[in-house]
Amino acid sequence: MPIYGVGILHSVKDAETFGKYRDVAEEALAKHGGEIVVPPSTSVTLDGADNAQKVVLLSFPSMSAAQAWRDDPELQEIHAMRNSGVDMSIYAFGED
């Protein structure tokens, strides 16, 4: 069973930097078996606080693969680019 990741984009800080990140994000995910299931999309809040501009759904083959994607030293520059471009929280969940 895959592990899912949900990215909640709260705000854009630098659209140009985020655009550059989006150009390399899919390849960086693929390095650890990850993929974009639903690209960044506008969401509808059904309950709770409405603080998401966009939501992205990811999948990974395992929790260790998801963690490896985040911790990979070769991808730190890419993660830093994302964090410079947007205020975003990413959560991984599912049964491993």
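The values are calculated or read from the model by the stated rules, or taken from the named source; none is laboratory data. The structure presented is a predicted model; accordingly, all values stated were derived computationally and were not measured. A quick note on method: Cβ atoms are made from the backbone with ideal geometry, for glycine too, and the neighbour counts reach across all protein chains shown.
Here are some notes:
- Summed over segment 46-55, residues that are touching a residue at least 40 places away in the same chain (Cβ under 8 Å) and not β-branched (Val, Ile, Thr) total 4.
- Count - residues of segment 53-72 that are more than 15 Å from Glu27 (Cα to Cα) and more than 13 Å from the chain's Cα centre (by Cα): 6
- Number of positions in segment 38-55 that are in contact with a strand residue (DSSP E or B) (Cβ under 8 Å, 6 or more places away or on another chain) and assigned to a loop (DSSP other than H, G, I, E, B): 5
- When residues in segment 4-19 are screened for being surrounded by fewer than 17 Cβ atoms within 10 Å (Cβ to Cβ) and of a type in the set (Phe, Trp, Tyr), 1 of them pass.
- Any chance Ala25 is among the small types (Gly, Ala, Ser), crowded, with 17+ Cβ neighbours inside 10 Å and either modelled with pLDDT under 95 or within 19 Å of Ala80 (Cα to Cα) (or both): yes
- Just one of the numbered conditions (1) in contact with a helix residue (DSSP H, G or I) (Cβ under 7 Å, 6 or more places away or on another chain); (2) closer than 17 Å to Pro2 by Cα; (3) hydrophobic (A, V, I, L, M, F, W, C) is not true of Ile90: (1).
- Filtered by the rule that a residue be outside any helix (DSSP H, G or I), without any contact (Cβ under 8 Å) to a residue 60 or more places away in the chain and surrounded by 17 or more Cβ atoms within 10 Å (Cβ to Cβ), segment 56-96 gives Val56, Leu58, Ser59, Phe60.
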